[in-house]
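Quick notes on the structure that follows.
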Amino acid sequence: MKRSDRRILTTHSGSLIRPQEVVDFDRARQEGRSVDSGAYDAALKQAVADVVRKQAEAGIDIPDDGEFSKSSWGTYINQRVSGFKHDAERDMAINYTGQDLERFADFFDAENGGQRRRRWRGADVCVEPIVYTDTHSIHRDNANVKAAAAAAGVEEAFLPVVAPASAAFNGLNDYYKTEEEYVYALAEALRVEYLAISESGLILQVDDAVLANAYDELMSKGRDVYRKWANLRIEALNHALRGIPSDRVRYHLCYGSWHAPHMSDAPLEDIVDLILRVNADAYSIEAANVRHEHEWRVWEDVKLPEGKMLIPGVVTHHTISVEHPRLVADRIIRYAQIVGRENVMGGTDCGFQQGARIERVHPSIMWAKLQSLAEGARIASQELWS
């Protein structure tokens, strides 16, 4: 994994706003219409080449493919494995908004046409063995990113894929005898992608929003309930990562990119031990939005293990206001003073697009934020290495 002892490097959490051509292809696939796979792959390759080039031009050191090939950051995996069948009448296993669903009932009713609980209706039910069956997509994605990075003169790039805790986050298990068997089956399927990315030479980023989003509802049933649930999934993730060098892995934990009150978000201090147990050398966390910016204080009490790196979000998808580079620099410096300048990389809170069609900010604002991230990192570097 690229590190620097001369300046602060920059990256982001993964999902970028898709070009319309890619969105149109995805919509056609979701609606069950026929799609020319050759035309889609060609459009995707060009889109990835363009977005990697734009990231490099914006000053991002470690770019990705924008997750352009994924219909959703988490449930995309359901399209690459066998074993699941969608049931529109069954509810997901966990309410990921926690008590906010009732605390802000009017808000969620307005967001969901007067039926706030409809947000959690519709589950992918496991009815057969989970087997990774897509022999094309992950290798296509690896090739697209590597070719785009080479063309843009980028030394290193990453590819995000989902963690066992977040994979099929709308899933239910009707097939495996135990929850442990189900979670480990998911992990083994995901390992195919983990290995393909690491063996390609790209950095593997594991995305895990659900580990944090399940916190509020499960904690309401007892701390032991949440910790048992989370421990199983961290163990399964490390099992899936076995044999992959930790310096080729980074772990991204967030709280979902949706614009909501987020009062039910897990406190970082209560889950930081889980994060640090993941066999990764870098940890990407939310740190720029109003719900989590104060959590830099956690690292005054929790020692970052030797050789590990933090990627705090220093710009956020939560607001359309573009962060001033001076603010970005101040945020970076604050972390650098606690964990060491060589152990910090500038990042973003979460993705700028959730799924293929939900934009969190306008594309022009997204690019302005990434440019501000790069400029803030330059300012911080000058001051930290002056």
Total charge of the residues flanking R6 in space, meaning their Cβ is under 13 Å from its Cβ, with Lys and Arg +1 and Asp and Glu -1, is +2
Over the chain, with neighbouring protein chains present, the accessible area per residue in Å² at probe 1.4 Å is 41 Å²
Per residue convex hull volume, Cα only, the chain, in Å³ is 131 Å³
What trypsin sites (Lys or Arg not before Pro) does region 145-226 have in DSSP loop regions with at most 13 other beta carbons within 10 Å?
K177, K221
Tell me which residues come under 5 Å, amide H to amide H, from V162 once H is placed; ignore anything under 5 positions away on its chain.
D207
Just to be sure I understand the rule: take each whole DSSP H helix in the chain, project its Cα atoms onto its long axis, keep it if the span is 18 Å or more and its mean Kyte-Doolittle hydropathy is at least -0.5. Which ones pass?
37-58, 137-152, 179-200, 325-339, 363-384
Per the 1/(1 + (r/R0)^6) rule, R0 = 25 Å and r from the Cβ atoms of R103 and K221, FRET efficiency to 0.05 is 0.90
Using a 1.4 Å probe over the heavy atoms of the protein chains, calculate the carbon and sulfur portion of the accessible area of region 142-195 as a whole percent.
51 percent
Take the solvent-accessible surface of the protein heavy atoms, probe 1.4 Å, and return the percent of it on region 199-277 that carbon and sulfur atoms account for.
50 percent
For V290 and N112 in one chain, what is 0.36 nm times their gap in residues minus the Cα-Cα distance, to one decimal in nm?
61.6 nm
Treating only the Cβ of Lys, Arg, Asp and Glu as charged (+1, +1, -1, -1), what charge dipole size does the chain show about its Cα centre? Round to the nearest 20 debye.
340 debye
If you check each cysteine of the chain for another cysteine whose beta-carbon is under 4.7 Å away, which ones come up empty?
C126
Run through the DSSP bridge list for the chain and note the antiparallel percent, rounded to the nearest 5.
25 percent
Please name which of H324, T97, G313 has its Cα lying farthest along the dipole of the chain towards the positive end, using unit charges on Cβ (Lys, Arg +1; Asp, Glu -1) and the Cα centre as origin.
H324
So which GluC sites (Glu not before Pro) in region 1-79 are both in a DSSP loop and have at most 11 other Cβ atoms within 10 Å of their Cβ?
E31
Multiply the residue separation of A151 and M263 by 0.36 nm, subtract the distance between their alpha-carbon atoms, and state the gained length in nm to one decimal.
36.0 nm
Find how much the distance from D174 to E128 grows on full extension, using 0.36 nm per residue of separation minus their present alpha carbon separation; answer in nm with one decimal.
15.7 nm
Scan region 259-298 for trypsin sites (Lys or Arg not before Pro) in coil per DSSP, keeping those whose Cβ has at most 14 other Cβ atoms within 10 Å, and list them by number.
none
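The values are calculated or read from the model by the stated rules, or taken from the named source; none is laboratory data. No experiment lies behind these values; they were computed from the predicted model shown. Virtual Cβ from ideal backbone geometry, glycine too; neighbours counted across all protein chains shown. For the accessible areas, the whole protein counts, side chains as well, though only heavy atoms, and no ligand, DNA or RNA atoms are used. Shrake-Rupley method; radii C 1.70, N 1.55, O 1.52, S 1.80 Å.
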